[in-house]
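One structure below.
The values are calculated or read from the model by the stated rules, or taken from the named source; none is laboratory data. Nothing here was measured: the structure is a model prediction, and the numbers come from that model. Reconstructed Cβ throughout: ideal geometry from the backbone, glycine too, with neighbour counts over all protein chains shown. The protein model used for the area step is the full one, side chains on, heavy atoms only, and it has no ligands, DNA or RNA in it. Shrake-Rupley method; radii C 1.70, N 1.55, O 1.52, S 1.80 Å.
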Amino acid sequence: MNASHLIGRCFAPKFLLAALAVVLPVTLQAGVTIRILGDSDVGAGGKWMRAVCQEWAKKTGNTLEYVNRPKDASDTLRQCQQNWAAHSPDVDVYMIDVIWPGIAAPHAVDLKKYYTDADLKQFFPRIVENNTVKGKLVSIPYFTDAGLLYYRTDLLKKYGYSDPPKTWEELAEMAKKIQDGERKDGKNDFQGFVFEGTASESITCNAVEWIYSFNGGSVIDPDGKVTINNPNAVKALDNAKSWIGTISPKDVTTYGEDDARNVWQQGNAAFMRNWPYAYSLGQASDSPIANKFDVSVLPKGGDSGKNAAALGGWNLMVASYSKNPDVAADLVKFLASPEIQKRHAVDISLLPTRPELYKDSEVIGKNPFFAKMLDVLNNAVSRPSTVTGSDYGQISAAIYQNANKVLNGGESGQDAVVNIERVGKQILQ
Ligand code: GLC
């Protein structure tokens, strides 16, 4: 029997009703099925989230169905867009990428209804702002992300290096020396540097980092000026091309996050660009590289360049086509809560979206590099998603198709920036 039954039977006077309303929490509906399109099977994110969602189902007396999705972010966006175009009630909660709010906004419930201002202040303001489109709070920050350089501390030492590379030029030199040495020692598959080169959102992040690190800007300025066609951006792309077949395998142009990580985690690479999720997996007791690596900021493009980490991350949205938005929002609140975010960080090294957790001794104890991450996140470079809004998919496709083509030898860096510029100008005209 719930509160409304009680009140109905007793014909309680108004003041009693008011008092009850204060002391009794609003009863959450039970017995419904909520479907979530959550984290993928890149790393441990999907497995972890599946289990935690079931805890919520058990706690609230609801049923939870976890919807499968591809590993690749761009493929996932296509799956979401199909559902949204069909106004499908089949998925209640979506985990959406930090670059999608403009695309997802028309299909989202305004989550402000479920949060007080004080609640929202506990998240990174930059992400809440990113997730707010024309006043609508499209999604709640679940975890944040930033591109990192992973490096093998044991191999750096073996080849006479005391610190990770400060510039991409240094990285190439070190990677070559280590690769040559390891191959001579019989490790024929050993690679100097692996990263995500596949033609999808994965390489968009890398390309944005290369370009920004060479002082080539961020493709489109926040005020809408398309800046990609400049000599530093060309240099950055041509520089990345020089790695292919020298310090990076030729098929790096097909690698997503986990392809790069698999090579790295088997002990077959000196350096890797990847996201924080790879840290806990690399440190696992059965990992061949446990205690043999560390992470650092990504290198600069030359001494006058900048350290650039792409800002990534995922957020939770309730679809406006959901038949049970209040129950769905309760799942979102649970997943984004301090307790669950703390476990997320401790268990699988995903970065919390609540700054207070970066002071938590258990979180830092498990992931010492988190202590440096507030600074990295504050300086992280955004992809041009706010400025392009619902057209972000087009500019990202132009970046990833052209950057990938440069790596494959299909066009020059100069042709790539002209092609990307054309798409940017079409979107913003
Ligand atoms: C990571 C980032 C996300 C990015 C994706 C690209 O998952 O968190 O923002 O779009 O990688 O593959």
Being closer than 30 Å to A86 by Cβ, crowded, with 22+ Cβ neighbours inside 10 Å and β-branched (V, I, T) narrows V318, V376, V406 down to just V318
Over the stretch 126-135, the set of residues buried (at least 16 other Cβ atoms within 10 Å of the Cβ), touching a residue at least 24 places away in the same chain (Cβ under 8 Å) and either in a loop (DSSP other than H, G, I, E, B) or in contact with a helix residue (DSSP H, G or I) (Cβ under 6 Å, 6 or more places away or on another chain) (or both) is N131, V133
Quick count over the stretch 212-242, residues being closer than 18 Å to A380 by Cβ, in contact with a strand residue (DSSP E or B) (Cβ under 9 Å, 6 or more places away or on another chain), of a type outside the set (F, W, Y) and crowded, with 24+ Cβ neighbours inside 10 Å, is 3
On the given criteria, is A51 within 15 Å of the ligand (Cβ to nearest atom), open to solvent by 10 Å² or more (accessible area, probe 1.4 Å) and among the hydrophobic types (A, V, I, L, M, F, W, C)?
no
Evaluate the following for A207: is it touching a Leu at 6+ places or on another chain (Cβ under 9 Å) and within 16 Å of the ligand (Cβ to nearest atom)? yes
A careful count of residues in the stretch 114-125 that are open to solvent by 20 Å² or more (accessible area, probe 1.4 Å) and touching a residue at least 24 places away in the same chain (Cβ under 8 Å) gives 4
Across the stretch 298-314, the tally of residues that are closer than 23 Å to S385 by Cα and either touching a Gly at 6+ places or on another chain (Cβ under 9 Å) or assigned to a loop (DSSP other than H, G, I, E, B) (or both) stands at 9
The correct count of residues that are in a helix (DSSP H, G or I), touching a Lys or Arg at 6+ places or on another chain (Cβ under 9 Å) and of a type in the set (G, A, S) in the stretch 40-82 is 1
Filtering the stretch 243-257 down to residues that are within 16 Å of the ligand (Cβ to nearest atom) and surrounded by 19 or more Cβ atoms within 10 Å (Cβ to Cβ) yields V252, T253, Y255, G256, E257
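Here is a yes/no grid of residues against (1) part of a loop (DSSP other than H, G, I, E, B); (2) at pLDDT 95 or above; (3) away from the ligand (no atom under 16 Å from the Cβ); (4) surrounded by fewer than 22 Cβ atoms within 10 Å (Cβ to Cβ):
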position: Y151; (1), (2), (3), (4): no, yes, yes, no
position: L156; (1), (2), (3), (4): no, yes, yes, yes
position: P164; (1), (2), (3), (4): yes, yes, yes, yes
position: E170; (1), (2), (3), (4): no, yes, yes, yes
position: D180; (1), (2), (3), (4): no, yes, yes, yes
position: D189; (1), (2), (3), (4): yes, yes, yes, yes
position: G197; (1), (2), (3), (4): yes, yes, no, no
For K372, the lone unmet condition from (1) outside any loop (DSSP other than H, G, I, E, B); (2) farther than 13 Å from I228 by Cα; (3) modelled with pLDDT of 95 or more is (3)
Here the qualifying pairs (Cβ atoms under 7 Å; residues six or more apart or on different chains; first in the stretch 323-344 and assigned to a loop (DSSP other than H, G, I, E, B); second of a type outside the set (A, V, I, L, M, F, W, C)) come out as K323/P89; N324/Q29; N324/D92; A336/P141; A336/Y142
Given (1) open to solvent by 70 Å² or more (accessible area, probe 1.4 Å); (2) of a type in the set (S, T, N, Q); (3) more than 16 Å from the ligand (Cβ to nearest atom); (4) closer than 30 Å to Q401 by Cβ, S88 misses just (1)
| message | Based on this model, can you work out whether A270 counts as of a type in the set (G, A, S) and either more than 23 Å from K166 (Cα to Cα) or within 16 Å of the ligand (Cβ to nearest atom) (or both)? | response | no
